[in-house]
Structures are given as C-alpha cells and as structure tokens.
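Each value in this text was obtained by applying a stated rule to the coordinates, not by laboratory testing. What you see is a predicted model, and the numbers here were worked out from it, not measured in a lab. Virtual Cβ from ideal backbone geometry, glycine too; neighbours counted across all protein chains shown.
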Amino acid sequence: MIDLVRKIHDGYGTSSLAGIKFIEQFRGEIKKYNAKELFAFLMENCSCKFTSELLLSSEDLLNNLSSDDWISILECSNRAANPLDENNDGFFTDIYFLVKYLRLDFFDYLLASDKVSSNDKKNILSFCKLKSSRLALDELDIEDMDGDYFISYEVIERKRLELLENDVFNEIKFSDIYEHMDELERKYSFR
C-alpha cells in the first residue's frame with residue numbers, strides 16, 4: 001500500500017494528467033486494497049487536499065466506502081494531531097469530505113460517542129471552525145465534478161443519499177458551520 005500511495009502522491013500534480021485521468025492508471029492497484037484501510041492510511045500519511053482529490057477521482061474507492069466504514073473511520077481516527085498545523089490536516093479528511101462534498105451532519109453522533117476521546121472531539125470542533133470557510137461547496141467545486149475532471153455530482157449525490165439511510169448521518173441544516181461548532185461546544189461542554 002505504501003508503494004502505491006507513494007506513486008500516486010509523487011505523480012499527482014506533476015503529470016500532464018489530473019483528476020480521474022491521472023488516477024485511472026492506478027485503478028487496478030487501488031481495487032486490490034480494502035477501501036477503508038486505504039482511506040485510513042491516506043488520512044494518516046497525506047494531506048486533506050490530496051486525499052479528498054483522490055476520493056473525488058476514484059469512483060470505485062468512494063463507492064467501496066460503506067456507511068459502516070465511514071462510521072468506523074470517524075470513531076477510530078486518532079486526531080491527536082494539532083488541527084492548527086496544516087501538515088496534520090490529513091487526519092481530518094473524513095470530516096472535511098463528509099461535510100463539504102457529501103453535505104452530511106454527523107456531529108451529534110460523534111460528539112456523544114464514547115468511542116471518541118475528548119481530545120479528538122475538541123480537535124474536530126477546532127478543525128471545523130478553522131476550516132469553516134472551506135467547508136462549503138461552491139460553484140467551482142461543482143463545476144469540477146463533471147465526470148471528466150472529478151467524478152460527477154450525481155455520483156456524489158448517490159453516495160450522499162446512501163449514507164443518509166443510516167441514522168448516524170443527517171442532512172446539513174445549519175448555514176454557518178462556525179456558529180454550529182460553537183453551539184456544539186456549548187451543548188457538549190468542550191470549551
């Protein structure tokens with residue numbers, strides 16, 4: 001797995017190919033790995049931007065992450081990393097991707113979970129507040145999800161609807177994530 005990730009990481013952004021076209025050359029190798037294990041490895045070893053773009057470029061990888069996989073990753077990720085350190089943002093890719101691209105709210109479940117340490121809960125809230133301006137899907141993001149550069153918006157929407165079938169995930173109903181994180185801090189006493 002290390003060699004595959006290294007090949008993808010080292011070539012991404014330096015090749016004449018990008019997005020789906022770049023990742024397509026690794027499709028067979030990516031399929032050899034358990035999606036949850038590969039995603040967890042990427043979170044621990046790569047940036048949030050790289051890992052998110054890899055998910056947006058690999059429909060197979062995204063579709064092979066089940067609802068249970070997402071929950072397991074949310075609960076088991078070690079977020080001891082400082083969310084203020086850009087070099088550690090990969091540890092929060094699951095949060096970033098679920099909020100920004102899949103537009104899902106899972107915070108009440110996660111913050112009430114005994115499986116997540118208090119420190120990780122604080123770091124999740126800090127990360128979301130710090131990145132609040134980047135957690136909204138904008139028109140450029142949607143334009144990139146054209147099925148050519150990144151997977152289509154329809155694929156993202158199907159995955160979102162699939163995850164909504166699980167009680168852990170809800171549609172985002174808040175308009176300002178920063179304010180929502182403040183409310184959650186008060187609700188769960190994490191200040």
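What to note about this one:
- Sorting 4-15, 138-149, 19-30, 44-55 by their mean Cβ neighbour count within 10 Å, with the most densely packed peptide first, gives 44-55, 19-30, 4-15, 138-149.
- Computed lengthening from ASN119 to GLU75, 0.36 nm per intervening residue step minus Cα-Cα distance: 14.6 nm
- With contacts taken as Cα pairs under 8 Å and at least 6 residues apart, the stretch 18-175 reaches a relative contact order of 30 percent.
- Translational diffusion coefficient (Stokes-Einstein; Kirkwood radius from C-alpha pairs) of the chain at 37 °C, 0.692 mPa s, in µm²/s: 194
- In degrees, nearest ten, helix 48-57 long axis to first principal axis of the chain (Cα): 50
- Rounded to 10°, Cα long-axis angle of helix 177-188 versus longest principal axis of the chain: 50
- Given LYS31/LYS159; LYS36/LYS131; LYS21/LYS122; LYS32/LYS122; LYS131/LYS173, the pairs whose alpha carbons are separated by over 26 Å: LYS21/LYS122; LYS32/LYS122
- Among PHE39, ASN166, ASN63 the positive-end extreme of the charge dipole of the chain (Cβ point charges): PHE39
- Angle of helix 118-130 to the longest C-alpha principal axis of the chain, folded into 0 to 90 degrees and rounded to 10: 70°.
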